[in-house]
Amino acid sequence: MRASSPGMVSMFWLLATFAYLLGSLSFAILLSRLSGRPDPRASGSGNAGATNMLRLAGKKLAILTLLGDLCKGLLPILIASAWNLNIAQQGWIGVCAVLGHLFPVYFRFRGGKGVATAAGVLLGLYPPAAALAIAAWLLTLYLTRTS
């Protein structure tokens, strides 16, 4: 199918919607609720992300949050690639996943910063760039002890 055919356009919009809805799943909020911890948006830094989860709930839940947020950016890109959508369409689908994280429909449009989700998108689109970004983040974390 050509990238501009009606079927491809429909697949794009279907996947863009899926990416937004998947991005709207906040692993920080869900894991906090499941573990009986306070809502991360109301505690610590007020951010629904892995760093705040580290402060509020410890390493295990922070790692699970990080992996969940990373995967919700990566998965739509992998599906888009498997469906042979072009790189621009894949990029827009990634934007939808990040927007879902920033403005989650399930949590009154109050989400996190989208860093891990964007890293997942970058990992799917161009793994060498993701590796470089993660290396820079790790170096900054090591030098400043701040994420």
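Some points to look at:
- Computed over the chain, the range of Cα coordinates on each principal axis works out to 48, 34, 19 Å, biggest value leading.
- Cβ-Cβ FRET estimate between Ala133 and Leu34, R0 fixed at 30 Å, reported to 0.05: 0.50
- Between Arg145 and Leu78, the FRET efficiency from the beta-carbon distance, with R0 = 35 Å, is close to 0.55.
- Sum of side-chain charges, Gly49 neighbourhood, beta-carbon under 9 Å (Lys, Arg +1; Asp, Glu -1): 0
- Mean Kyte hydropathy of -1.0 or more with a Cα span along the axis of at least 20 Å, helices from DSSP in the chain: 6-23, 59-82, 87-102, 127-144
- Euclidean distance of C-alpha centroids, the stretch 24-71 and the stretch 87-147, integer Å: 15
- Anisotropy class of the stretch 60-147 from Cα gyration tensor, a/c 1.5 cut: oblate
Read-outs: derived from the displayed coordinates by stated rules, not from any lab. Note that this is a predicted model, so its numbers are computed, not measured. A quick note on method: Cβ atoms are made from the backbone with ideal geometry, for glycine too, and the neighbour counts reach across all protein chains shown.
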